[in-house]
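Reading through the structure tokens given below for one structure.
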Amino acid sequence: MALSLRYFSFLCLDIVKKKEDKAILYENSLLIQEQIKNVGKLIVTEGHFSQVFNYKNSKALFSDFFTADKKALIVVNADVTISYDLSKIEYNIDEATKTLQIISIPKEEISISPDLEYYDIQADYFNPFEAKDYNEIKETIKASLIQKLQQSDLQKNAKTRLLEELTNFYVLTNSLGWILKYEETPILNKKELYELKL
């Protein structure tokens, strides 16, 4: 009888311990989900570019005997934003293996808002400024600004800010004894997180 009472109390303690483990595991997964919601915000990096453009266009008249010219000086002030909407992050929480797997991170969104000011507009009667000229100027300027953006550190800074936010996932999972994965790659330290190809 004493043996069966010990076995019963051991069984009860084992069941209570398993319930406690499940409760802790459940609390941990809720904590991780809450952290993902807290990080699920818009990360924005802003920049400003200024540039002066000279626009020239010539139109040949009468079999290249004459040309009708038009030109303008354009001053551009552009605000550029690079953002990551982390509310769109895809993840999977596996309580059995204590793993938070980040499946995908949204791509960066680039927004360029140029403010164009035209000066010294000169046009010939036979080659006047038209709407298509202004559209062509705007597209050329936008392409130039994208090239300037790619040569700047703005995208690198935006990625660094993204990785700083993702570090919160690593710190939380690591402190709870969980594993953080990006796609199928386990992240074992912060350095590996910063070396990810996003």
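When each of Gln51, Gln101 is tested for being surrounded by 16 or more Cβ atoms within 10 Å (Cβ to Cβ) and in contact (Cβ under 8 Å) with a residue 24 or more places away in the chain, the lone residue that passes is Gln101. Listed here are the strands (runs of 3 or more DSSP E) enclosed by the stretch 109-198 that have at least 2 residues being surrounded by fewer than 12 Cβ atoms within 10 Å (Cβ to Cβ), free of Cβ contacts under 8 Å to residues at least 40 places away in the same chain and not aliphatic (A, V, I, L, M): 109-123.
Residues in the stretch 69-97 that are among the aliphatic types (A, V, I, L, M), touching a residue at least 24 places away in the same chain (Cβ under 8 Å) and farther than 19 Å from Asp115 by Cβ: Leu86, Ile89, Ile93. The stretch 1-100 holds strands (runs of 3 or more DSSP E) entirely within its bounds, and those carrying 1 or more residues that are closer than 30 Å to Gln122 by Cβ, at pLDDT below 70 and out of contact with any His (no Cβ under 6 Å at 6 or more places or on another chain) map to 42-61. Exactly one residue out of Leu100, Leu145, Leu149 is in contact with a Gly (Cβ under 9 Å, 6 or more places away or on another chain) and closer than 29 Å to Ser87 by Cα, and it is Leu149.
The values are calculated or read from the model by the stated rules, or taken from the named source; none is laboratory data. Values in this document were obtained by computation on a predicted structure and should not be read as measured data. Ideal geometry is used to build each Cβ from the backbone, glycine not excepted, and the neighbour counts take in all protein chains shown.
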